[in-house]
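Quick notes on the structure that follows.
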Amino acid sequence: MSFKNREDNTSSWVKNNYDLNGKKVDLYAQTFDATLYNCSSYEISSWVLRIDIVRDCFINNAWCGTMEIHQYTGTPKAKTQTLDLRNYKLEDIEFEHLHDGNLLIPLVKGDYLIYYPSVKDSEFPIKGNSELTVGMMFYFFDFMDLSNYSIKYSYHKKYTEGIGFYAVIILLMLWSILFTARIVSAISYQRAWKKMELRKSGISYMSDIYENIYIIDLENDEMAPLHSATESERIMIRNAGAREHLLSMLGSDAADNYKSLVRQFVDLNTLDERLDKKSIACEYMSNENGWCQARFFSMDREWGAPLRRTIFTIQFINDEKIEMERIEERISEGDMADALKMDEGNYAFSRLLGDIEASVSGAVGEKDIIFEKEISLQIPEKLYGDHSFCKIQDGEYDGRVRHFLFHDTGKWKEAGVFSGS
């Protein structure tokens, strides 16, 4: 915005010896052009100009909008009125004023004017990269100072224009990504938590069968006992690492003629290529606990990826092993039916597994574990079996290994082994 004096002869004049309240003065009149420049590409949708009076003067006219005049501001005679100075009735003017054919409304330092542009006369909106000029006429004594002014305006800007819109879009995209990531991570956490709970439930069931249970991290050579391990054992595992501790633990416990077999079985460096199914097992004679069975279970294995973690268990099977040796000895010494007191027809294999499923399905169902049974079509329906081995005591399976034999073309064959695992 800038104010300029009009340079033509009709835009300035002087009232010589003007009678101002009985005093003769020379009053100068001047038309000023106020030009508003819109240097942006956006349309100015509205604007208001305020002029603060710094020297005594008289307002005469303004075009094409209306002028809100604040006269004698801060004094008992203060008045405010909005006028169209091109079209007014003299009797409607509330200000102190003079009139000799021309209207003169006196203003003193501290007063101010607010100019409201006319939409009818196209003083707004102002298009981008354009300008607008409005006119005002003042009377004054020596010179007029219009340097103290301010302007308030608003741009009409489409929300899709400018860098701000794209910044908001980018922020929204980032927020969406973060929100989606949070949702995905929450779902993943819930799945991982549920999986962990199921795993803990599974390990809890395993603890009823296996005396020693370990989780082994093959990548970091770490080993964590899940059974009631002593503090000295935990310290030895931390100091030695999984590979060395397994070799030392089972190598020292195994009987002399089983040491080589056990060391080969617990060699973690070759476990990845050997563990090509869900589990592998090895039976050996322990110096301390008699017959034992060591077993590796694959854990979190992905197809085509190296084995990262495994579960290692030790089960004491000395009682079952001795009982089987007793049965085999009796079989080798005499008649099978007399030795085992076979009772034909009482041991339907599918019905026996059905009874086991009914016994445990309620408990495993509460843990969200699925119990499945699968019977080979080659297994005959009727089996011969020792009553002490085939019976489920009091309707509950006690976790012991079950051996079933069936008669096929005159020969006794082992039909299968069912264990608590």
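Read the figures in this text as sums done on the coordinates, not as results from a lab. Predicted, not measured: the structure shown is a model, and the values here were computed from it. Quick reminder, even Gly has a Cβ in these numbers, built from the backbone with ideal geometry, and neighbours come from all protein chains shown.
Shown here are the Rg and Dmax of the Cα trace of the range 1-142, at 16.1, 55 Å. Peptides 85-94, 47-56 ranked from most to least packed give 47-56, 85-94, packing being the mean of other C-beta atoms within 10 angstrom over each peptide's residues.
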